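The values are calculated or read from the model by the stated rules, or taken from the named source; none is laboratory data. Everything numeric in this text was worked out from a predicted model, so none of it was measured. Using ideal geometry, Cβ is built from the backbone for each residue, glycine included, and neighbour counts are taken over all protein chains shown.
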Amino acid sequence: MFLRLPCSSILLVPCLLAGSQTPTPKALRRNTHNISTTFKLSSTPSCSLAPAAATTNSPLPLLLFDTPPSNRSVASSDAQAFIGRSGSQIILDVLIRNGVEHAFAYPGAANVHLLDVACSDARIQLLMPRHEQGAGHMAEGYSRAAGKPSVVFVTSGPGATNVITPLQDAMSDGIPLIVIAGQVATKELGTGAFQDADIVSMTQPCTKWATMVGDVEDLPAYIDEAFRVATSGRPGPVLLSVPRDVFASTLRDDGPRMKIISPSLPPQTRPPPAQLPKPAAAKVLENINEAAARINNSKMPLIIAGVGVCSSPDGPRLLRQLALRGNIPVATTLHGLGAFDEDHPLSLHMLGVHGSVYGNYAVQRADTILVLGARLDDHVTANIDDFAAAARSAGSYGHGGVIHFEIDPRNTNRAIPSHIPVIGDVVENLKMLEPLIEPRPRNNWLEHINEWKTRFPFIYVPSSEGQRVKPQEVLEELDRQTTDMKDEVLITTGVGHHQMWAAQFYTWKEPRSLISSGALATMGFGLPAAIGAKVAKPNKIVVDVDGDASFLMSGLELASAVEYNIGVKVLILNNNTQGMVYRWQKLLFEDRFALTRMANPDFVMLAQSMGVHTIECRTAEELPGKMEEFLEYDNNCPIVMVCQVDEEEALYPIVPPGKAIHKLVMHPSLPLNPVYK
C-alpha cells in the first residue's frame, strides 16, 4: 500500500508493535528512491518525540510503503525474543545466529555502546587492528580462509571512510563482508555534526548494499538481509550504518508509538538490491549439452579455472576429473591458483600479463576455451581485442568458441564475448557437464604445449655467492620446505612483484591456499589478511609474502598480532623500491625513477620494537637454515623474516601495455624472437 502525503509539515504516524501479528519487521517504511526525507527516532521509552530541525529548502513529496526490505522478514515470534533488549544486544544476537564468532573492531564515539555490550557479552571475540583499513583486510582474509562472511565494526566519519578501500577490494574480488558502521545520532544526521558523514552514499558503488538502519525494530531484519545479500549470487560486501541512539535504544512492547517522519534530513535508508532472476533450467541444460558437444569435438580445448571453481569443495575434484578424462590442459587465474594441482602435466599454471608463456600461447591457439568462474579482466586477457583469437574465430562458425560458466550474468560478456554462457552456480553446473565429457587423446595438442613448456619455463639467473639473494630463490625455498605440507599452509601476499613471484615460483596444489588482492591490487593487503586468515584457521601455517613498500602500508598491524598472540609468519622481500612501478619506469620511461626508490626503516628493529621475533637473510647460502627456523618457529606467535633481495631483479615474463597476450617480453636467457606456432 502506498500513501503519498504533502510534506509541508511534520507527519505523526502511529507504528505497529514489533511483537504484533504483522509479518513485516516494520509497519511503515519509506521509498528513498524518490524522496529526500528521513525520520527521527527516540532513544528513550517516551513516545513523545521532538520534531527535527526545520529546513528552508522546499520539501519533496513523501512516499511511504509497507513492504519489508526484502523477501525476508522477522516473524512475530522472532521479534518477541528481542523485546527488552537494546539495539547493540540485538545486533549481537542476530550476528551469532548467523554463525559469527569473531569481529574486527575499532572503537569510536558512535559505536562505543555496541563495543561495550560486545565486550561484556563475550560471545563474539573482538580483535582490534591499528587502523580501520586493517580491520577490513583482516575480515577479507578471515572470509577467504573460513569460507563464510566476516564482520567489521567501525565508528562514524573517518572510521567508516577508512574502510572504503577494503569494501571496494571485497566487491572486486567477490568476498562476503559485513561492515556495521556507527553513525551520529538520528537528530544530527546531515547537520554537519562531529564525525557526520554520509557513508551510505559514499559506499553505494563499492558494496552490494549500503543502508542506514534507523530504528531498533529494523535491526534483526536488516542484519539477516545483509547476510543474504553478501552471500547470494556473486558474494560481496554490505554496509549497515547504525546511528548511535539506535544502538542504545530498547525494543519495547508497551503499546503503539508515534514516529516523526521529517523531510528535513537526507535519505540514508535504502532497499536491498533486487535478486537477479534465475535462468530457466531448460536453457541452462541446453547450453551445457551444447558446451559438452563442442568440447568433445574440439582438437585443442583449454580450461581457464577461476576462483568460482573453489566455491565448493566439489569444484576442484570435478575440474580434475573433467580435465583428465578429456585430456584438457588447465590454466588458472591468480585467484584460481590451487584449483588444479600444478604438479600435474596438464597444468599450464597461471596465465595473464605475468603468466606462463606456454599458458598464454595455449589460450591463443585453443579452438575451444572453457572458462569456469573467472571474470577475465585485463590482467588475464591483456589486449581484449586479441585475446583467445582462435577460439573466437571458431565460435563465429558455430564450433568451438568461448564457453563461460559464471554465477553473475553480467560477467559473461563484459570483457570477452561468450558463445555459450552457462549462468548459475559454477560447481553445480560443472556437475552436469563433467559426465558428458568423452575421453580424447589429443596427442598433437599436448605435444605442442609440452614443447612450449620445455622452451619457455619460468626462469631466472641464480645469485652469485655472497651476493644478495634473488627473490625467486626465496620463494623456491619456501616451496621446497613446504612440499609435504601444502594442505597445512595458507599464503597471503601484498601487491607488487613479490605477489607475481609467489604465483610463479611457489607450487600451488591446494584450492583456496592463496589469499591475495586481485582486481583492485591493494598494497598493504598481505599482513592484515594473514592475521584474519590465522584467526579463522589457527592451526594452519599462515605466511604473508610481502614486499617492503606494501608492508609499510600496514606494518603496524604486527602490534595487533602480538597483542592477540596471532602466529602469522611475515616474509618481507626488501629491494628498497616500489618494484613493479620501478620496473615500468625502467621499461617505458627511460630510467626516470619518480618516487619509486624507498628510504626504508630497519625492518628488523621495527618488528623487534613491537615484540616480534625477527630473522634476517642476505644470501642464498644462509637461506635454507633461515627458512627452516622461520617455518618451525612457534605457530602461536608472530615472526618476521626480512630477506634483503637483489634490488635490480626484474619480473619476467611481462605483456607490455596494449599488446596481445602472446606477445610477451621474456627473460633475456630465453630464445630471442621465438616463433609462435
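If you take the residues of region 170-194 that are of a type in the set (Val, Ile, Thr) and modelled with pLDDT under 95, which of them is surrounded by the fewest Cβ atoms within 10 Å (Cβ to Cβ)?
Result: 191.
Considering each of 323, 281 in turn, give the residue that is farther than 23 Å from residue 380 by Cβ and either among the small types (Gly, Ala, Ser) or assigned by TED's automatic domain parsing to the domain that holds residue 211 (or both).
Numbers: 323 fails: farther than 23 Å from residue 380 by Cβ.
After applying the criteria, what remains is 281.
Residue by residue, here is whether (1) touching a Leu at 6+ places or on another chain (Cβ under 7 Å); (2) part of a loop (DSSP other than H, G, I, E, B) holds:
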| residue | (1), (2) |
| --- | --- |
| 528 | no, no |
| 539 | no, yes |
| 545 | yes, no |
| 557 | yes, no |
| 565 | no, yes |
| 573 | no, no |
| 585 | no, no |
| 607 | yes, no |
| 614 | no, no |
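Condition check: part of a loop (DSSP other than H, G, I, E, B), basic (Lys, Arg), at negative phi and not assigned by TED's automatic domain parsing to the domain that holds residue 528. Does residue 148 satisfy that? Before you say what the answer is, go through the steps one by one.
Working: part of a loop (DSSP other than H, G, I, E, B): yes; basic (Lys, Arg): yes; at negative phi: yes; not assigned by TED's automatic domain parsing to the domain that holds residue 528: yes.
Judged against the criteria, residue 148 is a match.
With 420, 369, 403 as the choices, which residue is surrounded by fewer than 24 Cβ atoms within 10 Å (Cβ to Cβ) and under 20 Å from residue 296 (Cα atoms)?
Result: 420 is the single residue among 420, 369, 403 that is surrounded by fewer than 24 Cβ atoms within 10 Å (Cβ to Cβ) and under 20 Å from residue 296 (Cα atoms).
Only one of these is of a type in the set (Gly, Ala, Ser), buried (at least 18 other Cβ atoms within 10 Å of the Cβ) and not assigned by TED's automatic domain parsing to the domain that holds residue 542: 607, 660. Name it. It would help to see each step written out before you state the result.
On the way: 607 fails: not assigned by TED's automatic domain parsing to the domain that holds residue 542.
When all the criteria are applied, what remains is 660.
If you scan region 501-526, which residues turn out to be surrounded by 24 or more Cβ atoms within 10 Å (Cβ to Cβ), hydrophobic (A, V, I, L, M, F, W, C) and farther than 18 Å from residue 343 by Cα?
515, 525
For region 203-251, give me each residue that is touching a Gly at 6+ places or on another chain (Cβ under 8 Å), under 17 Å from residue 82 (Cβ atoms) and of a type outside the set (Val, Ile, Thr).
Across region 203-251, the qualifying residues are 219, 247, 248, 249, 251.
Give 318, 337, 348 a once-over and let me know the one that is of a type outside the set (Val, Ile, Thr), part of a helix (DSSP H, G or I) and in contact (Cβ under 8 Å) with a residue 24 or more places away in the chain. Write out each step before concluding.
On the way: 337 fails: part of a helix (DSSP H, G or I); 348 fails: part of a helix (DSSP H, G or I).
On inspection, the qualifying residue turns out to be 318.
Which of the residues that make up region 453-488 are surrounded by 12 or more Cβ atoms within 10 Å (Cβ to Cβ) and in a loop (DSSP other than H, G, I, E, B)?
Listed by number, the residues that qualify are 456, 457, 458, 459, 460, 461, 462, 463, 467, 468, 470, 482.
Taking only region 270-315 into account, find how many residues are among the charged types (D, E, K, R), over 25 Å from residue 351 (Cα atoms) and part of a helix (DSSP H, G or I).
Residues of region 270-315 among the charged types (D, E, K, R): 270, 278, 283, 286, 290, 294, 299, 314.
Now narrow it down to the ones that are over 25 Å from residue 351 (Cα atoms): 270, 278, 283, 286, 290.
Remaining after also requiring part of a helix (DSSP H, G or I): 283, 286, 290.
Selection size over region 270-315: 3.
Take residue 147 and decide whether it is within 19 Å of the chain's Cα centre (by Cα) and surrounded by fewer than 20 Cβ atoms within 10 Å (Cβ to Cβ).
Details: within 19 Å of the chain's Cα centre (by Cα): yes; surrounded by fewer than 20 Cβ atoms within 10 Å (Cβ to Cβ): yes.
It is true that residue 147 is within 19 Å of the chain's Cα centre (by Cα) and surrounded by fewer than 20 Cβ atoms within 10 Å (Cβ to Cβ).
Can you confirm whether residue 619 is touching a residue at least 40 places away in the same chain (Cβ under 8 Å), within 15 Å of residue 649 (Cβ to Cβ), touching a strand residue (DSSP E or B) at 6+ places or on another chain (Cβ under 9 Å) and not charged (D, E, K, R)?
Yes; evaluated as a whole, the condition is true for this residue.
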